[in-house]
Each structure stands twice: as C-alpha cells, then as structure tokens.
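A.B. asks: Let me begin by handing over the structure; questions about it come next.
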Amino acid sequence: MNQPRSKIETATIPQFTTGLGQDQSGEAVALIERMAKEDGSALTELHEMWSPILLGAACRMLGDRREAEEAVQDTFVRMWHRSVDYDPKQSPPFVWAFAVMRGYCIDRLRYRHRGKRDSSRVVPIHLHSVPEELEDPRVMALDDWRRVRSALNILEKEERRCLELAIFLEYTHSEISAHLGTPLGTVKNRLRRALEKVRNQLSRHEF
C-alpha cells in the first residue's frame, strides 16, 4: 500500500483466458463456497490466485498504482461479504470478481473527474483504457459480456471516446465538446452514430 504512484498506459485491458472465464476445474467456485462458510484461508488463496491479474487491470483503468491497490483490496472485502449470495449459474467466478472491481474503479474515476469538473475549469482526462467493456457492473454472463465488447469494437476511435465520456463520466454534450476540443454538433453526431451501431449490433442477440 505504500508503493509510489505510477501511471500505467496500455492499449487494452487483458482478455479473460478460458480458465479464468469459465473455471473449468471448479477451483474458484469451491473457494468462494468456502468463503461463504467464513473460511479465511479460502479468501487468502483466491487473493493469491487473482490479485495480480485484477491489479494489472485496475492499474490500466485508473493509471494510479495506489488507487488500484485500494480498489483490489475493496474488491476482495466485498467478495468476502457477498460470497454467500454468489451463484455460479449467473456468472463465472472471475467475471464476477472483475465486475466488482470494475465498479469500484468507475466510482473512483467519476469522483476524481467530477471534482475536476466542479472546479469550473476543463482539464485533460486520461482514461487510459477505462471502459473497454460496457458490461453491467452488477455482473453479466460471460457470453453477454463478450457480445457487448464485440459491439464496442465496431466503433470508430472518436465515437467510442465520446460514448465513454458520456456514459462513464456522465459528461454532457457541451462538456465533451470542451474536453475534446470538438464542435458540439460533431459530438452529438458521433454519439448518435455510436449508439445506433451498438444498438444494431446488440439487437442481433437476445439478452
């Protein structure tokens, strides 16, 4: 927790491997079941198994090592308390953990940038790769998560950036325009096109 802050910039958040996404061995589910019975050693094992991967993703999202470590720590605390309610039929274990952690990261980003916005001045925002996926933070099934990611991948870079600012940081059209140095009309058009593309892509699947 006392390591110096650092900015970690990468192109993408790592994709889930088959083992992480599906827990074919059942090891992670078994650990969560033990956690539900208040077995502290199970939490330790799960932390050793997943914390390096979660920390790497959190660093990419937040660009700050200390905040990332805190988000991962909060994630395991919440998993401990919610383990009794975990249902592997609703979501693979690592996807569940990632969704919990990502929710904490988004909360931190919103708080950080809302404070900057409230200071009545426009400042640069370094999203790094924050929302590589638009999955519901409450946990989506892995197939749904992949479909949403696929929908986002069809967007052009500027369309995607506008959509990220609007959804994850709750910026208005005017604030997006000021932040990107882009005409308001262009921002509105990019958002409209982005939403249409995502909606059309997702309409091919039943959620």
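A.B. asks: List every residue pair whose Cβ atoms lie under 7 Å apart, where the two residues are 6 or more positions apart in sequence or sit on different chains, the first residue falls within the stretch 47-60 and is under 17 Å from ARG78 (Cβ atoms), and the second residue, located anywhere, is surrounded by fewer than 17 Cβ atoms within 10 Å (Cβ to Cβ) and not hydrophobic (A, V, I, L, M, F, W, C).
C.D. replies: Pairs that qualify, where the first residue is under 17 Å from ARG78 (Cβ atoms) and the partner is surrounded by fewer than 17 Cβ atoms within 10 Å (Cβ to Cβ) and not hydrophobic (A, V, I, L, M, F, W, C), are ALA57/PRO14.
Let's see how each residue does on (1) in a helix (DSSP H, G or I); (2) at pLDDT below 85:
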| residue | (1), (2) |
| --- | --- |
| ILE106 | yes, no |
| VAL123 | no, yes |
| VAL130 | no, yes |
| ASP136 | no, yes |
| VAL148 | yes, yes |
| THR186 | yes, no |
| PHE207 | no, yes |
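A.B. asks: Let me ask something additional. Which one is surrounded by the fewest Cβ atoms within 10 Å (Cβ to Cβ), of the residues in the stretch 27-55 that are among the hydroxyl-bearing types (Ser, Thr, Tyr) and under 25 Å from the mean Cα position of the chain (by Cα)?
C.D. replies: Of the stretch 27-55, the ones among the hydroxyl-bearing types (Ser, Thr, Tyr) are 41, 44, 51.
The next check asks that each one be under 25 Å from the mean Cα position of the chain (by Cα); those that pass are 44, 51.
Values: THR44: 12, SER51: 17.
Ranking the candidates gives THR44 first.
A.B. asks: So, in the stretch 40-90, how many residues would count as being touching a helix residue (DSSP H, G or I) at 6+ places or on another chain (Cβ under 7 Å) and not in a helix (DSSP H, G or I)?
C.D. replies: Looking only at that region, the number is 2.
A.B. asks: So LEU155 passes all but one of these: (1) among the hydrophobic types (A, V, I, L, M, F, W, C); (2) at pLDDT 80 or above; (3) within 15 Å of the chain's Cα centre (by Cα); (4) not in a helix (DSSP H, G or I). Which condition number does it fail?
C.D. replies: So the condition that LEU155 fails would be (3).
A.B. asks: Continuing with this model, one more query. Being basic (Lys, Arg), modelled with pLDDT of 90 or more, loosely packed, with under 15 Cβ neighbours inside 10 Å and out of contact with any Asp or Glu (no Cβ under 9 Å at 6 or more places or on another chain), is that true of even one residue in the stretch 79-90?
C.D. replies: Quick first cut of the stretch 79-90, residues basic (Lys, Arg) only: 82, 89.
Subsequent filtering for residues that are modelled with pLDDT of 90 or more retains 82.
If we keep only those that are loosely packed, with under 15 Cβ neighbours inside 10 Å as well, we get 82.
Filter once more, keeping what is out of contact with any Asp or Glu (no Cβ under 9 Å at 6 or more places or on another chain): 82.
Checked the stretch 79-90: at least one residue is basic (Lys, Arg), modelled with pLDDT of 90 or more, loosely packed, with under 15 Cβ neighbours inside 10 Å and out of contact with any Asp or Glu (no Cβ under 9 Å at 6 or more places or on another chain).
A.B. asks: In addition: From the residues in the stretch 163-177 that are aliphatic (A, V, I, L, M) and in contact with a helix residue (DSSP H, G or I) (Cβ under 9 Å, 6 or more places away or on another chain), which one is modelled with the lowest pLDDT?
C.D. replies: Step one: list which residues in the stretch 163-177 are aliphatic (A, V, I, L, M), which gives 163, 165-167, 169, 176.
Within this subset, residues satisfying the condition of being in contact with a helix residue (DSSP H, G or I) (Cβ under 9 Å, 6 or more places away or on another chain) are 163, 165-166, 169, 176.
Working: LEU163: 82, LEU165: 78, ALA166: 79, LEU169: 59, ILE176: 88.
Taking the candidates together, the pick is LEU169.
The values are calculated or read from the model by the stated rules, or taken from the named source; none is laboratory data. This is a predicted model, so every value here is computed, not measured. Positions of Cβ are backbone-derived with ideal geometry, glycine not excepted, and every protein chain shown enters the neighbour counts.
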